[in-house]
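The values are calculated or read from the model by the stated rules, or taken from the named source; none is laboratory data. As the structure is a computational prediction, the values presented were derived from the model and not from experiment. Quick reminder, even Gly has a Cβ in these numbers, built from the backbone with ideal geometry, and neighbours come from all protein chains shown.
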Amino acid sequence: MPPRSPGRGADQLRPVSIDVDVAPYAEGSSLISTGNTRVLCTASVEEGVPRWREASGSGWVTAEYAMLPRATQTRTRRERTGPKGRTQEIQRLIGRSLRSVTDLDAMGAHQVTIDCDVLQADGGTRTASITGACVALVLAGDWMVHEGLLNRNPVRRRVAAVSVGVVDGEPRLDLDYAEDSSAQVDMNVVGTEDGTLVEVQGTAEGDPFSRTEMDRMLDLAISGLEGLFAAQATALDGRR
């Protein structure tokens with residue numbers, strides 16, 4: 001595996017930027033870029049909730065994820081007959097992550113649907129989707145308050161996600177596709193801005209990994225999340 005480019009250290013994130021209001025018809029939107037991975041996230045506010053949710057008196061946040069056909073080096077077929085297993089797994093992860101930081105009771109009978117569309121994929125699409133989707137959800141919450149639908153933004157704190165893994169025996173933060181495809185261990189970490197964890201997905205692609213290695217990867221991930229929260233704050237502060 002060649003050195004990280006351009007001279008990126010094992011504990012460094014790829015360059016991160018988040019632009020907001022990129023989809024003017026959506027109640028909240030962001031375009032997140034992490035290295036060469038780019039994901040468009042839109043938040044749509046709807047009256048009413050799923051039928052199974054109606055008796056609760058609470059709102060709902062859900063997510064959908066898709067990769068555009070030429071987001072990768074070769075064309076990927078559209079999932080016209082419904083999301084496949086990997087897609088379902090990712091959009092459920094996004095939804096769980098967002099609900100973990102949202103006061104659903106404060107939403108009343110409203111649903112927010114987050115659409116995460118991958119424009120360009122170079123590793124970390126699910127983690128970038130969570131980080132960008134949170135920004136879109138916060139903006140949708142601001143919109144609901146502005147329109148008089150809610151008294152306060154239901155997003156209690158921000159959530160973000162980052163990948164980490166072991167490549168050539170070295171723990172590395174924020175893997176690109178080349179690193180991810182050759183990693184001995186691959187892990188995705190979802191956390192909140194107050195230091196709590198939402199989900200940790202870790203898999204050994206070859207030999208099992210030790211508790212010590214897991215702790216090192218978690219430490220890397222938590223340090224990387226701080227940079228993502230800073231990028232979210234910059235994007236939102238510039239909007240508000």
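Of the residues contained in segment 63-78, one or more are found to be in contact (Cβ under 8 Å) with a residue 60 or more places away in the chain and touching a Gly at 6+ places or on another chain (Cβ under 6 Å). Checking G95, G165 one by one, the residue that is more than 11 Å from the chain's Cα centre (by Cα), farther than 19 Å from A230 by Cα and not in a loop (DSSP other than H, G, I, E, B) is G165 and no other.
Of the set (1) outside any loop (DSSP other than H, G, I, E, B); (2) at positive phi, all apply to G82 but (1).
Looking across S44, S56, S5, S30, one residue alone is modelled with pLDDT under 95, hydroxyl-bearing (S, T, Y) and in contact with a helix residue (DSSP H, G or I) (Cβ under 9 Å, 6 or more places away or on another chain). It is S56. Scanning segment 2-55 for residues that are more than 22 Å from the chain's Cα centre (by Cα) and either among the acidic types (D, E) or more than 19 Å from D180 (Cβ to Cβ) (or both) gives G7, E47, G48, V49, P50, R51, W52, R53, E54, A55. Scanning segment 107-153 for residues that are part of a helix (DSSP H, G or I), aliphatic (A, V, I, L, M) and crowded, with 18+ Cβ neighbours inside 10 Å yields M107, A128, I130, A133, V135, A136, L137, V138, L139, A140, M144.
Results for (1) β-branched (V, I, T); (2) surrounded by 16 or more Cβ atoms within 10 Å (Cβ to Cβ); (3) modelled with pLDDT of 90 or more; (4) touching a Phe, Trp or Tyr at 6+ places or on another chain (Cβ under 8 Å), shown as yes or no for each residue.
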site	(1), (2), (3), (4)
V61	yes, yes, yes, no
M67	no, yes, yes, no
R70	no, no, no, no
R92	no, no, yes, no
G95	no, yes, yes, no
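Screening segment 199-240 for residues that are in contact (Cβ under 8 Å) with a residue 40 or more places away in the chain and basic (K, R) and picking the one that is surrounded by the fewest Cβ atoms within 10 Å (Cβ to Cβ) gives R240. Scanning segment 109-129 for residues that are at pLDDT below 95 and among the polar types (S, T, N, Q) turns up nothing. When you check E54 against the structure, is it among the acidic types (D, E), at negative phi and in contact with a Ser or Thr (Cβ under 8 Å, 6 or more places away or on another chain), yes or no? When the stated conditions are applied, E54 does not pass them.
One line per residue, one yes/no per condition, for (1) among the small types (G, A, S); (2) touching a residue at least 12 places away in the same chain (Cβ under 8 Å); (3) over 16 Å from V16 (Cα atoms):
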{"site": "G169", "(1), (2), (3)": "yes, yes, yes"}
{"site": "D176", "(1), (2), (3)": "no, yes, no"}
{"site": "E179", "(1), (2), (3)": "no, yes, yes"}
{"site": "L197", "(1), (2), (3)": "no, no, yes"}
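Residue-wise test of (1) among the charged types (D, E, K, R); (2) over 21 Å from T34 (Cα atoms).
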{"position": "W143", "(1), (2)": "no, yes"}
{"position": "H146", "(1), (2)": "no, yes"}
{"position": "S163", "(1), (2)": "no, no"}
{"position": "G169", "(1), (2)": "no, yes"}
{"position": "E179", "(1), (2)": "yes, no"}
{"position": "Q184", "(1), (2)": "no, yes"}
{"position": "D194", "(1), (2)": "yes, yes"}
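Mind listing whichever residues of segment 77-108 are under 17 Å from V138 (Cβ atoms) and among the β-branched types (V, I, T)? Selection gives I94, V101, T102. Looking only at residues of segment 172-193 that are in a strand (DSSP E or B) and farther than 27 Å from A233 by Cα, we find that the one that is farthest from the chain's Cα centre (by Cα) is V185. Selection of segment 21-37 for residues being buried (at least 21 other Cβ atoms within 10 Å of the Cβ) and part of a strand (DSSP E or B) yields G28, S29, S30, L31, I32, T34, T37.
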